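The values are calculated or read from the model by the stated rules, or taken from the named source; none is laboratory data. Bear in mind the structure is a predicted one, so any value in this text is a computation, not a measurement. So basically every Cβ, Gly included, is an ideal-geometry build from the backbone, and we count neighbours across all protein chains shown.
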Amino acid sequence: MRTRHLTLRDALLGIPLAFVTAFLVVPLALTVVISFWKRVGFGIRPDLSLVSYASFMGGLRLEVLERSLIVATEVTLIGVLVAYPIAWFLAMKTSSRATRVVLMLFTIPFLVNYVIRTFSWSYLLSRTGPVNTALMASGITAAPLDWLLYSDFAVLIGLLTSYVPFMIFPLWLSLSGIDRRLIQASWLLGADPTRTFLRITLPLSMPGVFAAIIFGFVGSFGDSAVPVILGGTGYQLIGNEITSTLDVLNYPLAAAMSTVVLIAMLLLLGLWFGLFDLRSFLGKALKK
């Protein structure tokens, strides 16, 4: 009976592992392999060449990579500053029932198609949209602000609203797993709230902070819809640059750019797993 139980368990565990291998690991491995192939006419030929990487690292594409890194860093930093107070309030100051309701509300936008949600921002920020209308009605501006749409500002807003909800959840998980007795002990020893936060709460929540950084940085770094819809014609980040490269059937170059994004993601994940214990991130969820 014991052997049967282990065999059944292994079989059940093998199903998700096989799924991840077939639909995630294998496609990513093929992407890396194709990045070394050569483009021949409208097709590709197996090879072991760095031509695609050399093309990517030279000229305008390198500028696109630099801009993507800057935008992703800005989105990540602002996103953490916005998401952390929300997650802290939900974990420390609200009841479990209220927390569940608020977290559910953060998931509602994902019931709407991602592209449709992004297009809604193009209306809200347009010259005749509600934002410009409200600004002019209140007397703050005398004319519509053209820079609200098809600009770095619009792209930043679009990326923040897309990925901040993803950043809130790991932060909340990490904060909710902190032992409240440690915070109470800090108070009993005479530490003020600021010192308690800096010495107790923030260090213990760092696994969630780093997880939020991964969600924000990797997501915004590879996003392809927001730059096209809110950045306007000619606004290029690495995500829509990859899409444009696929449109002209240059698969090795697109694979090379995708591999760079993949390497950035794996480096962040490896750093996270190396620095933090998974149990400290999941916290309360693993204690149940």
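Out of all the residues in the stretch 177-191, is one or more buried (at least 21 other Cβ atoms within 10 Å of the Cβ) and either at pLDDT 85 or above or assigned to a loop (DSSP other than H, G, I, E, B) (or both)?
To start, the set of residues in the stretch 177-191 that are buried (at least 21 other Cβ atoms within 10 Å of the Cβ) comprises 177.
Imposing the further condition that a residue be either at pLDDT 85 or above or assigned to a loop (DSSP other than H, G, I, E, B) (or both) reduces the set to 177.
Yes - at least one qualifying residue is present in the stretch 177-191.
Selection of the stretch 108-133 for residues being hydrophobic (A, V, I, L, M, F, W, C) and closer than 19 Å to Pro227 by Cβ yields Val115, Ile116, Phe119, Trp121, Leu124, Leu125. Taking the numbered list (1) modelled with pLDDT of 90 or more; (2) surrounded by fewer than 15 Cβ atoms within 10 Å (Cβ to Cβ) in turn, Gly43 passes all entries but (1). Here the stretch 53-79 is the region considered, the condition is being at pLDDT below 90 and in contact with a Phe, Trp or Tyr (Cβ under 8 Å, 6 or more places away or on another chain), and the residue that is surrounded by the most Cβ atoms within 10 Å (Cβ to Cβ) is Leu65.
For Met167, the criteria (1) surrounded by fewer than 16 Cβ atoms within 10 Å (Cβ to Cβ); (2) closer than 22 Å to Ile86 by Cα hold in every case but one, which is (1).
Among all residues of the stretch 242-254, there is at least one that is surrounded by 21 or more Cβ atoms within 10 Å (Cβ to Cβ) and in contact with a strand residue (DSSP E or B) (Cβ under 9 Å, 6 or more places away or on another chain). Taken over the stretch 125-168, the criterion of being under 18 Å from Tyr235 (Cβ atoms) and of a type in the set (A, V, I, L, M, F, W, C) is satisfied by Leu125, Leu145, Trp147, Leu148, Leu149, Phe153, Ala154, Val155, Leu156, Ile157, Leu159, Leu160.
Per the listing Arg67, Arg45, Arg61, Arg39, the residue uniquely free of Cβ contacts under 8 Å to residues at least 40 places away in the same chain and of a type in the set (Lys, Arg) is Arg45. Summed over the stretch 32-81, residues that are under 30 Å from Val155 (Cβ atoms), more than 25 Å from the chain's Cα centre (by Cα) and among the polar types (S, T, N, Q) total 2. Of the helices (runs of 4 or more DSSP H) contained entirely in the stretch 2-107, those carrying at least 2 residues that are of a type in the set (S, T, N, Q) and out of contact with any helix residue (DSSP H, G or I) (no Cβ under 7 Å at 6 or more places or on another chain) fall at 2-20, 96-107. Taking Val82, is it modelled with pLDDT of 90 or more, surrounded by 12 or more Cβ atoms within 10 Å (Cβ to Cβ) and either touching a Cys at 6+ places or on another chain (Cβ under 8 Å) or among the hydrophobic types (A, V, I, L, M, F, W, C) (or both)? Judged against the criteria, Val82 is a match. Look at the stretch 93-115: where a residue is modelled with pLDDT of 90 or more and hydroxyl-bearing (Ser, Thr, Tyr) and a partner is part of a helix (DSSP H, G or I) and surrounded by 12 or more Cβ atoms within 10 Å (Cβ to Cβ), sitting 6+ places away or on another chain with Cβ atoms under 6 Å, you get Thr99/Leu90.
Within the stretch 222-238, work out how many residues are crowded, with 24+ Cβ neighbours inside 10 Å and within 17 Å of Thr118 (Cα to Cα). Reasoning before the result, please.
Residues of the stretch 222-238 that are crowded, with 24+ Cβ neighbours inside 10 Å, as a first pass: 223, 226-227, 230, 237-238.
Going one step further and asking which of them are within 17 Å of Thr118 (Cα to Cα), we end up with 223, 226-227, 230, 237.
Total meeting the criteria: 5.
Taking residues in the stretch 214-225 that are touching a residue at least 24 places away in the same chain (Cβ under 8 Å) and within 12 Å of Thr76 (Cβ to Cβ), and partners anywhere that are assigned to a loop (DSSP other than H, G, I, E, B) and not hydroxyl-bearing (Ser, Thr, Tyr), the pairs with Cβ atoms closer than 9 Å and at least 6 places apart or on different chains are Ser220/Leu237; Phe221/Leu237. Within the stretch 70-92, the set of residues being free of Cβ contacts under 8 Å to residues at least 24 places away in the same chain and among the aliphatic types (A, V, I, L, M) comprises Ile70, Leu77, Leu81.
The residues of the stretch 134-143 that are at pLDDT 90 or above and closer than 22 Å to Gly231 by Cα amount to a single one, Leu135. Of all the listed residues (Thr201, Thr133, Thr118, Thr141), the sole one being part of a helix (DSSP H, G or I) and free of Cβ contacts under 8 Å to residues at least 12 places away in the same chain is Thr133.
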